[in-house]
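The values are calculated or read from the model by the stated rules, or taken from the named source; none is laboratory data. No experiment lies behind these values; they were computed from the predicted model shown. Note that we place each Cβ from the backbone using ideal geometry, even for glycine, and neighbour counts take in every protein chain shown. Protein only, heavy atoms only, side chains kept; ligands, DNA and RNA dropped before computing areas. Shrake-Rupley method; radii C 1.70, N 1.55, O 1.52, S 1.80 Å.
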Amino acid sequence: LYIADATNRAVRRLDLTTSRSSVLFQFTNAARPVDVAVDPNTNVFVLSTGDDRIRQLNANGGLVTNLTAVGALINPTALALDTTSSNIYVVELGGTGVGVPILAKVQWSRPMSTPPAGYLSGLQFLL
């Protein structure tokens with residue numbers, strides 16, 4: 001189980017057998033993780049606020065790539081993966097300036113374990 005620990009600016013991995021947690025990835029800047037999703041290949045996708053990005057980590061916590069540039073999202077609050085279509089869906093609250101949630105879609109290329117140049121193919125606002 002992966003946990004976005006915003007208070008300690010970390011992504012944690014919880015072993016459900018032993019109930020012990022360990023830090024998978026530690027943020028060193030003002031960014032705070034707000035949501036985490038894992039694909040079938042155990043790539044970990046982390047949505048953070050403060051820098052408003054999506055990062056892809058490998059199963060050992062190594063940064064594979066930043067899927068969005070700093071500030072590409074505005075006050076992101078949740079993410080979900082659609083692994084059949086290579087889409088990441090993000091809910092952001094700041095896009096309209098009035099606190100109305102917006103759903104954005106980020107598309108990534110496969111194979112995800114070795115992202116090619118130009119890995120992020122687009123950011124599209126759906127609502």
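At a glance:
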quantity: Residues (basic (K, R) and open to solvent by less than 70 Å² (accessible area, probe 1.4 Å)) located in the stretch 20-55; calculated: R53, R55
quantity: Given (1) in contact with a Lys or Arg (Cβ under 9 Å, 6 or more places away or on another chain); (2) surrounded by 17 or more Cβ atoms within 10 Å (Cβ to Cβ), index of the condition L1 fails; calculated: (2)
quantity: Test result for T77, surrounded by fewer than 19 Cβ atoms within 10 Å (Cβ to Cβ), under 20 Å from V106 (Cβ atoms) and among the β-branched types (V, I, T); calculated: yes
quantity: Filter result for T17 (at pLDDT 95 or above, part of a loop (DSSP other than H, G, I, E, B) and either open to solvent by 60 Å² or more (accessible area, probe 1.4 Å) or of a type in the set (D, E, K, R) (or both)); calculated: yes
quantity: Which numbered condition P33 misses (of (1) without any contact (Cβ under 8 Å) to a residue 24 or more places away in the chain; (2) not in a loop (DSSP other than H, G, I, E, B)); calculated: (1)
